[in-house]
Amino acid sequence: MRRARMIIACLALVVGLAAPAYAGLDGFLAGLNAQAKADPRGFSLKLIAQFGVGPVEVQAVLRSVAAPADAFMCFQLGEFAHQPPDVVLAAMKTERGKGWGVVAQRLGIAPGSPEFKALKRGDFALTGKPKAKPAAGKAKGKGHKK
């Protein structure tokens with residue numbers, strides 16, 4: 001009997017630790033959907049500004065997804081994976097119902113990467129502000145010479 005209680009307690013702990021991350025992304029996406037319903041034009045304008053895409057592209061993606069939050073995720077995962085929205089949409093359709101983590105992996109976002117961890121935490125924001133880009137000559141990537 002004592003062993004059964006210990007197993008139940010451990011399971012409750014594991015579920016309790018996993019729930020906030022799940023609720024974080026789900027809560028964020030639900031908030032985006034509510035925001036888009038209240039102000040569709042403002043939602044679109046924020047996507048345009050934040051992801052640096054045109055209004056035609058935003059409208060095309062919004063027409064292709066089930067919910068406005070899915071459009072946000074399309075642009076966000078595309079930014080993470082350096083893929084255009086049509087590639088992300090194709091991955092979303094192929095992996096429908098399997099979760100955002102599966103879509104991210106299909107796009108080449110490795111589990112354990114900072115981007116994948118942000119996805120799992122739901123650590124996103126729709127600010128409508130462009131992302132900061134590295135200053136010219138300051139980037140240190142492949143081929144950088146000292």
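The values are calculated or read from the model by the stated rules, or taken from the named source; none is laboratory data. Because the structure is predicted, anything quoted here is derived from the model rather than measured. Every residue, glycine among them, receives a Cβ derived from its backbone with ideal geometry; neighbour counts consider all protein chains shown. Heavy atoms of the whole protein, side chains included, go into the accessibility calculation; ligands, DNA and RNA do not. Shrake-Rupley method; radii C 1.70, N 1.55, O 1.52, S 1.80 Å.
Observations, loosely collected:
- Matching entry among GLY42, GLY16 (being part of a helix (DSSP H, G or I), over 24 Å from ALA110 (Cα atoms), open to solvent by less than 70 Å² (accessible area, probe 1.4 Å) and at pLDDT below 90): GLY16
- Selection of the range 78-136 for residues being outside any helix (DSSP H, G or I), among the acidic types (Asp, Glu) and open to solvent by 70 Å² or more (accessible area, probe 1.4 Å) yields only ASP123.
- Failed item, numbered, when ALA30 is tested on (1) at pLDDT 90 or above; (2) surrounded by fewer than 17 Cβ atoms within 10 Å (Cβ to Cβ); (3) farther than 18 Å from ARG121 by Cα: (3)
- Count of residues meeting criterion [over 13 Å from the mean Cα position of the chain (by Cα) and not in a loop (DSSP other than H, G, I, E, B)] in the range 53-77: 10
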